[in-house]
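S.K.: Mind looking over this structure? Questions follow.
The values are calculated or read from the model by the stated rules, or taken from the named source; none is laboratory data. This structure is a prediction, so every number in the text was calculated from the model and none was measured. Backbone-built Cβ (ideal geometry, glycine too); neighbour counts: all protein chains shown.
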Amino acid sequence: MLARNFPSEVLIIPGIEVSSRDGHIIGLGVSDTVPRRLSADETILQIKRLGGVSIVAHPYDFLRSALNPEILTTMPDAIEVINSASMLHSITWKRARSFAEKRKLPQTAGSDSHIPETIGRAYTIVDVESRNVASILNAIRNGQVAPEGRPYHFSDRVRKIIR
């Protein structure tokens, strides 16, 4: 995540990606363990109870453990609408963005990087007054974010498999 109007120093935000029964959910600002295999709704509620920001990771992705957010009864704090690792990004990104817009949910992006070459392929621009974890988490919850990014190249996918 990048904060506008600040130097490019690194700010580390604790977080986890939880494998719910229904798909992956990101918990930013969470340092505690969230049990795996809960329902997506239970996972979102647990992340929120811990004071974190819940984000549905790579929704609609056909080839990974992706959540179809339309099954949710508990809305997350945000939806990841750009994920660089999504194989059929022209479909999945469009569906995720449409879901987020209909429900007026903040939109984020992530590179889902597992190799150095793909770090920063996608990112979330965060508009904050002060550069600290609490301000950034609140900005995400309040929709003061803009997703940016592009998909992996074929060579990145091959490199990821080899490593």
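S.K.: Go through the residues of the range 91-109 one by one and say whether even a single one is among the β-branched types (Val, Ile, Thr), buried (at least 22 other Cβ atoms within 10 Å of the Cβ) and at pLDDT 95 or above. Write out each step before concluding.
M.R.: Taking the range 91-109 and keeping what is among the β-branched types (Val, Ile, Thr), we get 91-92, 108.
With buried (at least 22 other Cβ atoms within 10 Å of the Cβ) added as a condition, the list becomes 92, 108.
From what is left, the residues that are at pLDDT 95 or above are 108.
Yes, the range 91-109 contains a residue that is among the β-branched types (Val, Ile, Thr), buried (at least 22 other Cβ atoms within 10 Å of the Cβ) and at pLDDT 95 or above.
S.K.: Looking at SER84, SER54, which is the one that is surrounded by 21 or more Cβ atoms within 10 Å (Cβ to Cβ), within 16 Å of SER19 (Cβ to Cβ) and under 16 Å from the mean Cα position of the chain (by Cα)? Write out each step before concluding.
M.R.: On the way: SER84 fails: within 16 Å of SER19 (Cβ to Cβ).
Going through SER84, SER54 in turn, just one is surrounded by 21 or more Cβ atoms within 10 Å (Cβ to Cβ), within 16 Å of SER19 (Cβ to Cβ) and under 16 Å from the mean Cα position of the chain (by Cα): SER54.
S.K.: Here's a follow-up. Where the second residue is outside any helix (DSSP H, G or I) and not charged (D, E, K, R) and the first is under 21 Å from LYS94 (Cβ atoms) and modelled with pLDDT under 75 and lies in the range 150-161, which pairs have Cβ atoms under 9 Å and are six or more apart or on separate chains?
M.R.: Sorted first by the residue in the range 150-161, then by its partner, the pairs are ARG157/ALA85; ARG157/MET87.
S.K.: Looking at (1) out of contact with any strand residue (DSSP E or B) (no Cβ under 7 Å at 6 or more places or on another chain); (2) at pLDDT below 95, can you tell me which one ASP112 breaks?
M.R.: Among (1) out of contact with any strand residue (DSSP E or B) (no Cβ under 7 Å at 6 or more places or on another chain); (2) at pLDDT below 95, ASP112 violates only (1).
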